[in-house]
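Every number in this text was worked out from the coordinates using simple rules, so none of it is lab data. Predicted, not measured: the structure shown is a model, and the values here were computed from it. Positions of Cβ are generated from backbone atoms using ideal geometry, with glycine treated the same way; all protein chains shown enter the neighbour counts.
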Amino acid sequence: MAKGYWVAHMDIEDVDKYKNYQQANKSPFAKFGAKFLIRGGAQDVREGVSKSRTVVIEFESLETAIACYESLGYQEAKKLRDPISNGDLVIVEGS
């Protein structure tokens with residue numbers, strides 16, 4: 001079965017408040033078996049424009065990745081992130 005991935009590119013405006021989002025997302029990520037492959041770190045943008053932070057999270061399937069995003073637990077955590085971030089997030093199927 002193909003895995004599912006969240007790929008996010010974000011700019012964070014308030015790092016201290018972002019920590020509240022990180023704390024709040026722990027429970028839904030644990031529930032859905034999220035595995036962080038990339039969480040921030042140095043970037044070398046070679047083409048186009050990117051945000052300052054890249055995150056890649058692996059799930060057992062595309063369906064699980066979507067279910068995590070749509071879960072009440074994650075949506076509550078997302079409410080903490082939305083006012084202090086700007087970015088893009090795609091959920092993609094991969095191997």
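For n ≥ 4 DSSP H runs only, could you compute -39500 (n - 2.57) per run for the chain, divide by its residues and tell me the 222 nm figure to the nearest 500?
That calculation yields -12000 deg cm²/dmol at 222 nm.
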Charges at C-beta only: +1 for Lys and Arg, -1 for Asp and Glu. How large is the resulting dipole of the chain about its Cα centre, in Debye rounded to 20? 300
Cβ-based charge dipole, the chain, positive-most Cα from Ser95, Leu72, Met10: Leu72
Residues whose placed amide H lies under 5 Å from that of Ala34, excluding near-sequence neighbours: none
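Test of understanding: what is the full-extension gain from Asn20 to Glu93, defined as 0.36 nm times their sequence separation minus their Cα-Cα distance? Don't skip to the answer; put the middle values down first.
Values: separation 73, 0.36 × 73 = 26.28 nm, distance 2.86 nm.
Taking Asn20 through Glu93 to full extension adds about 23.4 nm, to one decimal.
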Straight-distance crosslink candidates among lysines, where the alpha carbon sits under 17 Å from Lys35 and sequence neighbours closer than 8 are dropped: Lys3, Lys26
Convert each backbone phi in segment 17-32 into a coupling constant with the Karplus relation 6.51 cos²θ - 1.76 cosθ + 1.60 (shift: θ = phi - 60°), then list the ³J(HN,Hα) values in order as whole Hz, x for Gly and Pro. 5, 4, 4, 5, 5, 4, 5, 5, 7, 4, 5, x, 5, 5, 4, 9
Over 19 Å between C-alpha atoms is what I'm after, so list which of Lys31/Lys78; Lys31/Lys51; Lys17/Lys79 land there. Lys31/Lys51
Cα principal axis extents for the chain, largest first, Å: 33, 31, 17
